[in-house]
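A quick write-up on the structure given underneath.
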Amino acid sequence: MTVNNTIAHQRLILSGDRERFKELLRKRLIECGWRDQVRMLCRDVVKERENSDVSFDMLVNRVTPRARALVPDTVKKELLQKIKTHLLTQKDQ
Amino acid sequence: MNDNGCIHLSNFKAAKGTNPYKIVHAFFVSCTSFEARRYKATSCLCFACGQPGPRMHSCLHCIYFACYAGHIQEHSKSKKHFLYVDLSYGNVYCTQCQDYIYDRELTEIAMSHRLKEAKSLGISAPFMPWLPNTNEALALRRLRKRRLISPHTTIGLRGLQNLGSTCFMNCIVQTLIHTPLLRDYFLGEKHKCKAQGTGKCLVCEVSKLFQEFYSGAKTPLTLHRLLHLIWTHARHLAGYEQQDAHEFFIATLDVLHRHCMNGVEDTEKKENGRCNCIIDQIFTGGLQSDVVCTSCSGVSTTIDPFWDISLDVAGPGSLQACLERFTRAEHLGSAAKIKCSKCRAYRESTKQLTLETLPIVASFHLKRFEHSSQIDRKISAFVSFPAELDMTPFMSSHRRAVDVGVDNNNAPEGIFEDNRYSLFAVVNHLGSLDAGHYTAYVRQMKGSWFKCDDHMITRASLREVLDSEGYLLFYHKTVLEYECDVS
């Protein structure tokens, strides 16, 4: 992370906007059904290994690549565009 | 992942309580104050490698920050500290068990901090799934019968007998029954009535009606009791001739709103001067009117509550165009001078209407009936309306930002706002002014539309709905925000 990046990141946390963006992303992922899809993926993994323990790390390793691929482009675009606009307007002040 | 905690966490809690978790969580996971955000912004870096990730954790024993790429493991080995709080999600990781540990008490602390954080940032509270309380869990165990809702389910659909030109009532009842939030309110049996059993409360009657619609029976219903109640409480609608569905809709909301107050103590009635009955919570919005004096540019602003928006249909070809025209600044002309409080004189002025607050259900009335001293006529002009509508351009805050201009940018305020609406009911008037008939299209669930023509219910396509003429259009807010309920 570069110095500029760090400052932008710190400002986002300080103003609470990071949390706001996170909430927006969370909302979008629920709306488009992503969360339910990922929940199903997790269930499948757990079912596959019905008789052995499932650890968090194992679940994350198995599900993450597929879950990432499932995020709709429209959601990525919206967030990217909004964060960009937001950071640019912050800079001017 | 263990639902029953682990011995290491239990021992830790027995020795030190939940305070260490509370502090770490309130400062570095869900910041409950500005001060906390300052700490989080500047200090969440791995003490070993200086990086902000991956997956930052804090040692619960000594608040040592370390990332998951080996450094919490290192710290655990050298200090024999086993418990770590994930700084993104607030879960507790145990290096002995090598997994995250669920703990009811800590989960509750985390939830209360998340609510406080949402409140301090002025954002909507996080969604919390419904958990049955002891009584509800008991009832669920006792009542074994379950209903599976599939795309082919027709539950909630029932025809309504025409009692002699009562199609104006039938189409409004169908609309109200299929208003998602109203349905949830009544099926949740939220109406507590003092006048219960007297047969005089319209809200109780509607409550019964919901039970009838969702009972699973398929025969058409007869609404004579409802009609009689409305006749007695809205006398101008009494009689056997055809009435205007829009007038009936507004009168029904008014009677419902008045009767909602039956069961409520005076002290609970109003919140910040606004009624908080279910009708007002769902249907009431605020219409802002700005009158600008052309001589001194002084603005006088008033905000009035509204239940629906009546739109002129002559000219524009779409709902958005109608709304655009509705919210445009209008010069009042020399014939309509208004007293300016600043100039202390009657001046020419411009007036602009915008939406200050949006209701959960936005109802639009297309003014298709023209009554004048010379002629009464129906305007059948085509007005297209969308299935999904964004109301942002018609909001007061948006108009202000546009007027101020881009350099003084207020737009980021709107980034987190969500003013999207989805169509869920359309009332149509067929035929002429004196020999007409009302039907309604209702959305039963997402993507599933039905046409309600008195006792006949038939499946309809969205295309058919959007191609219909449209007299009353009903939109429901697409995403509902949750209110923070923390003191």
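Worth pointing out:
- Only protein heavy atoms count here; on that basis, with a 1.4 Å probe, B:C204 has an accessible area of about 20 Å².
- The largest accessible area among B:Y84, B:Y214 belongs to the first residue in B:Y214, B:Y84, and the rest follow in falling order (1.4 Å probe, all chains).
- Highest mean first, the peptides B:428-439, B:443-454 sorted by other C-beta atoms within 10 Å per residue fall in the order B:443-454, B:428-439.
- Extension reserve of the B:A345-B:A314 stretch, reckoned as 0.36 nm per residue once the Cα distance is removed: 7.6 nm
- If you sort B:V292, A:V46, B:V465 by accessible surface, 1.4 Å probe, largest first, the order is A:V46, B:V292, B:V465.
- A:D57 - accessible surface, heavy atoms, 1.4 Å probe, Å² rounded to 10: 50
- In this structure A:M58 has an accessible area near 40 Å², from a 1.4 Å probe over the protein heavy atoms.
- Residue-wise HN-Hα coupling along region B:427-443, computed from phi with Karplus coefficients 6.51, -1.76, 1.60 (Hz; x: Gly, Pro): 9, 10, 10, 10, x, 9, 4, 9, 10, x, 8, 9, 9, 9, 9, 10, 8
- Buried solvent-accessible surface, both chains (B, A), 1.4 Å probe, Å² to nearest 100: 2500
- Computed helical MRE - 222 nm, chain B, DSSP H runs ≥ 4 contributing -39500 (n - 2.57), nearest 500: -9000 deg cm²/dmol
- Number of partner chain Cβ atoms within 10 Å, mean per residue of A:15-21: 5
- Between B:N276 and B:K77, the C-beta separation translates, for a Förster distance of 51 Å, into a calculated FRET efficiency of about 0.35.
- Using a Förster distance of 35 Å, the FRET efficiency for B:T357-B:E247 (Cβ separation, nearest 0.05): 0.90
- Cα gyration tensor shape of region B:7-138, rounded if a/c is under 1.5, else prolate or oblate by comparing a/b with b/c: oblate
- MRE, 222 nm, helices only [DSSP H, n ≥ 4, -39500 (n - 2.57), over chain A, to nearest 500]: -27500 deg cm²/dmol
- On Cα atoms only, tilt of A:34-48 relative to the major axis of chain A in degrees: 30
- The fraction of accessible area contributed by carbon and sulfur in the protein assembly as shown is 53 percent, rounded to a whole number (1.4 Å probe; ligands and nucleic acids excluded).
- Potential extension, B:A69-B:E469 segment - 0.36 nm per residue separation minus Cα distance: 137.8 nm
- J(HN,Hα) series, region B:376-382, from Karplus relation 6.51 cos²θ - 1.76 cosθ + 1.60, nearest Hz, glycine and proline x: 10, 8, 9, 9, 9, 3, 6
- Annotation: amide H-H contacts under 5 Å for B:A48 (H modelled 1.01 Å from N, sequence separation of 5 or more, or interchain): B:C67.
- Cα Rg, Dmax, the protein assembly as shown, angstrom units: 28.7, 94
- Take every pair of alpha-carbon atoms less than 8 Å apart whose residues are at least six positions apart; their mean separation over the length of chain B yields a relative contact order of 13 percent.
- Using θ = phi - 60° and Karplus 6.51 cos²θ - 1.76 cosθ + 1.60, couplings along region A:61-77 (whole Hz; Gly, Pro as x): 4, 6, 8, 3, x, 5, 5, 4, 5, 7, 5, x, 4, 4, 5, 4, 4
- Legend: residues in region B:34-58 shielded by at least 30 square angstrom of accessible surface upon adding the remaining protein chains to the isolated chain (1.4 Å probe, heavy atoms) are B:R37, B:K40, B:A41, B:P52, B:R55.
- Within 10 Å of the Cβ of each residue in B:137-145, the mean number of Cβ atoms contributed by other protein chains is 0.
- Across peptide A:48-54, the average count of Cβ atoms from other chains found within 10 Å of a residue's Cβ is 1.
- For the pair A:N51 and A:I7, the difference between a 0.36 nm per residue extended length and the Cα-Cα distance amounts to 11.1 nm.
- Label-point gap, in nm, between B:S215 and B:M445 - each point 7 angstrom along Cα→Cβ: 2.3
- Theoretical FRET efficiency, 1/(1+(r/R0)^6), r = Cβ-Cβ of A:R68 and B:L143, R0 56 Å, to 0.05: 0.85
- Simple label model, 7 Å out from Cα along Cβ direction - B:A14 to A:W34, nm: 4.3
- Residue-normalised accessible area of region B:167-267, expressed per residue, 1.4 Å probe, Å²: 47
The values are calculated or read from the model by the stated rules, or taken from the named source; none is laboratory data. Model, not experiment: these values are computed from the prediction. With ideal geometry, Cβ positions are generated from the backbone for all residues, glycine too; neighbour counts draw on all protein chains shown. Note: areas computed on protein heavy atoms with side chains; ligands, DNA, RNA excluded. Shrake-Rupley method; radii C 1.70, N 1.55, O 1.52, S 1.80 Å.
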